[in-house]
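Report on one structure; see the data block that follows.
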Amino acid sequence: MEYEFRIHPMKTAKISNTFQLMKRLFDVNLALFLLIITCPIILMTAIVVKIESPGQIIYRQERVGLHGKKFIIYKIRSMYTDAEKAGPKWAEKNDDRITRVGRFIRKTRIDELPQLWNVLKGEMSMIGPRPERPVFIKEFQMNYPNFIQRLAVKPGLTGWAQVNGGYDISPKEKLKLDLEYIHSMSLKSEAHILCKTVKIILSGSGAR
C-alpha cells in the first residue's frame, strides 16, 4: 500500500538560502571525497559479502525524504536475503538476521558508504534526521503526531539522534532529538555532529 506524507508549508524548517547553499556545497565536496578514498573498502567489502552469503551486494530500500518525497536508499547488504520474510521489522540488538560480515560492517558503518551516492544525488545530506521507511513513519505518526515534522529537512547520513543514542533510542526520543536539530541548525551544530560521528565510528559504539 502506498502512503503519502506531506508537510504543511507553514511548518517547514526556516533555513536561510545562504545556509542551504553552504550545506549543499559541503555535502557534495565531502561525499565525493569520501567516495574516492573509500572505493577500495567498498570493493573489498562487496567481495566478502558475496562470498559469505548469496544475494545482491547492494541493498536497495524505499525511504521517505524531504517533504515526504520517497527515494531509494543504498546500503551494502548486511542481512540474509530472507531477512524480511515475516514482514518489515526494525533491526534489533544481536539480530539473528545479520550475517557475520554484516555485524562488522554495521559496527564500522561501512554498510552506509553507498549512501554517499544518495548525498551526491541530492536526496540526502551528510547531516540530518535518518530517513525512515514509509511503513514505519505511518506507524510512528499514529503514536507521535509530530513525527512527520522530521521530513521538514533533508534526511542525513548521520544526525543529532544518531550521535546521541543511535539505534538504541525509541522513536519518541529520536523525534525529540531530531526536532532539536531542526530548530537549531547552524554551521556550528553541523561541525559538532560531524566530530561526534567520527568518534563513534572509531569506537564502534551504537551499532546493531
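Here are a few things to note about the model shown:
- Filtered by the rule that a residue be of a type in the set (Lys, Arg) and either at pLDDT 95 or above or farther than 29 Å from Tyr181 by Cβ (or both), region 87-105 gives Arg97, Arg100.
- Within the set Leu21, Leu35, the sole residue that is at pLDDT 90 or above, in a helix (DSSP H, G or I) and within 19 Å of the chain's Cα centre (by Cα) turns out to be Leu35.
- In region 130-208, counting only helices (runs of 4 or more DSSP H) that sit wholly within it, the ones holding 3 or more residues that are within 17 Å of Val119 (Cβ to Cβ) span 187-203.
- Some residue of region 106-121 being in a strand (DSSP E or B) and either at pLDDT below 95 or surrounded by 18 or more Cβ atoms within 10 Å (Cβ to Cβ) (or both): no
Okay, residues lined up against (1) under 19 Å from the mean Cα position of the chain (by Cα); (2) closer than 23 Å to Trp117 by Cβ; (3) aliphatic (A, V, I, L, M); (4) at pLDDT below 85:
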site	(1), (2), (3), (4)
Glu2	no, no, no, yes
Ile15	no, no, yes, yes
Thr45	no, yes, no, no
Gln56	no, yes, no, no
Phe71	yes, yes, no, no
Lys85	no, no, no, yes
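- When region 73-83 is filtered for residues that are modelled with pLDDT under 90 and part of a strand (DSSP E or B), only Met79 remains.
- Close pairs from region 51-71: first assigned to a strand (DSSP E or B), partner modelled with pLDDT under 90, Cβ under 6 Å, at least 6 apart: Val64/Phe5
- Members of region 122-146 that are surrounded by fewer than 23 Cβ atoms within 10 Å (Cβ to Cβ), at pLDDT 95 or above and farther than 13 Å from Ile73 by Cβ: Gly122
The values are calculated or read from the model by the stated rules, or taken from the named source; none is laboratory data. Please read all numbers here as calculations on a predicted model, not as lab measurements. As a convention, Cβ positions derive from the backbone with ideal geometry for all residues, glycine included, and neighbour counts pool all protein chains shown.
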